[in-house]
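The values are calculated or read from the model by the stated rules, or taken from the named source; none is laboratory data. Because the structure is predicted, anything quoted here is derived from the model rather than measured. Neighbour counts are summed over all protein chains in view; Cβ atoms, including those assigned to glycine, are modelled from backbone coordinates with ideal geometry.
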Amino acid sequence: MSRATRCRNTWQNRCWQPAPLADGWELYRDSNGWQLRGTGASATVNGRPYQSGQVLDCGDLIAIGTATAGTLIEVSG
């Protein structure tokens, strides 16, 4: 699938590119909002296990395994 086709198929015609985090996990956006997907070590959000489909919020602390992967500082649009 070409990049143009992927862009047309994304939420509201915006081309959000997944952001790699750690150990096979990435941050991505779909029509529900920002989420995580991946395999490898377990992911946690604010110290709790990440649930598939869970939408992230501003200020969420994301960890992959025992390492902090980041803090989500802004969720918009």
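Points to keep in mind about this one:
- Members of region 60-77 found to be at pLDDT 85 or above, within 15 Å of TRP25 (Cα to Cα) and in a loop (DSSP other than H, G, I, E, B), listed by number: GLY65
- In region 1-29, the qualifying residues are those that are at pLDDT 80 or above and more than 9 Å from the chain's Cα centre (by Cα), and the one that is surrounded by the fewest Cβ atoms within 10 Å (Cβ to Cβ) is GLY24.
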